[in-house]
Ligand code: NAP
């Protein structure tokens with residue numbers, strides 16, 4: 001059984017990624033933070049692809065929770081390697097920097113940047129031993145160009161972009177690739193409440209993207225066909241920025 005772990009797999013982009021990787025034959029480890037019902041819905045969609053999955057509830061920013069769930073799963077499933085890791089879990093808490101609370105700053109960095117670190121460190125040893133792995137990090141246009149009102153989110157995603165490039169060089173010899181995907185505006189719960197009409201007008205394609213359009217690229221990076229691509233950041237933003 002070859003496995004793919006998707007953090008934040010219960011909703012949005014993560015859910016579409018779970019479905020895509022299931023269609024590529026992976027057993028999906030569906031991580032979520034609190035939304036069990038949504039995670040179960042993702043599992044049904046994974047099963048509809050003819051694959052199967054396991055729900056793993058943990059907060060990616062909480063090392064103890066990671067150790068007691070993912071750590072235990074790894075210990076009990078030594079014969080089932082995680083070949084693909086998608087660090088997708090993330091939150092945004094937008095406000096101008098001068099009025100940003102410590103919690104808004106650290107909460108966003110904890111989820112994206114520390115989450116990337118804790119989960120990847122735990123999973124990568126198995127990949128290095130097997131001499132095969134695909135790590136795909138969900139970053140953002142904000143991490144590349146910076147977005148006003150999102151200094152915390154832009155910093156977190158820019159941090160993951162730097163980490164992607166550095167880690168890619170560390171593990172390339174072992175046939176483990178590390179890439180990132182930088183979406184623009186994608187229709188999910190995260191973008192709910194945004195002024196879609198005005199923002200779409202700024203996008204050359206004149207619309208938001210879909211989670212499935214992002215998941216296609218994850219499927220490619222996860223595939224054997226992407227074997228010589230590492231340290232790359234792929235924009236998926238309808239032409240908004242590159
Ligand atoms: P979403 O619809 O809000 O879903 C977020 C997912 O992350 C949920 O599955 C949620 O789990 C999980 N999650 C949040 N915090 C977590 C934590 N601490 N530990 C574990 N899981 C956690 O978001 P999305 O739009 O799909 O975004 C997915 C990723 O793409 C994020 O990293 C986001 O920054 C990035 N992104 C999104 C857009 C966009 O326009 N949507 C653009 C650029 C980048 P629960 O269901 O349990 O809450």
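The values are calculated or read from the model by the stated rules, or taken from the named source; none is laboratory data. Here the structure is a predicted model, which means the values were calculated and not measured. Methodologically, a virtual Cβ is constructed for each residue, glycine included, from the backbone with ideal geometry; neighbour enumeration extends over all protein chains shown.
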What pairs come out if I take residues in the stretch 192-204 that are under 14 Å from residue 240 (Cβ atoms) and pair them with residues that are in a helix (DSSP H, G or I) whose C-beta lies under 9 Å away, six or more apart or interchain? 199/191
Could you check the stretch 40-79 and list, in sequence order, the residues that are surrounded by 18 or more Cβ atoms within 10 Å (Cβ to Cβ), more than 12 Å from the ligand (Cβ to nearest atom) and part of a loop (DSSP other than H, G, I, E, B)? 49, 51
Being without any contact (Cβ under 8 Å) to a residue 40 or more places away in the chain, in a helix (DSSP H, G or I) and touching a helix residue (DSSP H, G or I) at 6+ places or on another chain (Cβ under 8 Å) is the filter here; which residues of the stretch 113-157 pass it? 142, 143, 154
Which residue is surrounded by the fewest Cβ atoms within 10 Å (Cβ to Cβ), if the candidates are limited to the stretch 1-39 and must be within 9 Å of the ligand (Cβ to nearest atom) and in a loop (DSSP other than H, G, I, E, B)? 34
Exactly one of these conditions fails for residue 147: (1) more than 9 Å from the ligand (Cβ to nearest atom); (2) under 28 Å from residue 81 (Cβ atoms). Give me its number. (2)
Would you mention how many residues in the stretch 172-189 are surrounded by fewer than 18 Cβ atoms within 10 Å (Cβ to Cβ) and touching a residue at least 24 places away in the same chain (Cβ under 8 Å)? 5
By residue number, the members of the stretch 80-109 that are touching a strand residue (DSSP E or B) at 6+ places or on another chain (Cβ under 7 Å) and either outside any loop (DSSP other than H, G, I, E, B) or farther than 29 Å from residue 188 by Cα (or both) are 80, 81, 82, 83, 84, 85, 86, 87, 104
Looking only at the stretch 92-103, decide whether some residue is modelled with pLDDT of 95 or more, buried (at least 23 other Cβ atoms within 10 Å of the Cβ) and more than 9 Å from the ligand (Cβ to nearest atom). no
For residue 175, work out the one condition from (1) within 16 Å of residue 226 (Cα to Cα); (2) within 13 Å of the ligand (Cβ to nearest atom) it doesn't fulfil. (2)
Hey, residue 168 hits all of (1) surrounded by 19 or more Cβ atoms within 10 Å (Cβ to Cβ); (2) not in a helix (DSSP H, G or I) but one; which does it fall short on? (2)
Selection from the stretch 197-223 of residues that are touching a strand residue (DSSP E or B) at 6+ places or on another chain (Cβ under 9 Å), part of a helix (DSSP H, G or I) and more than 14 Å from residue 19 (Cα to Cα): 221
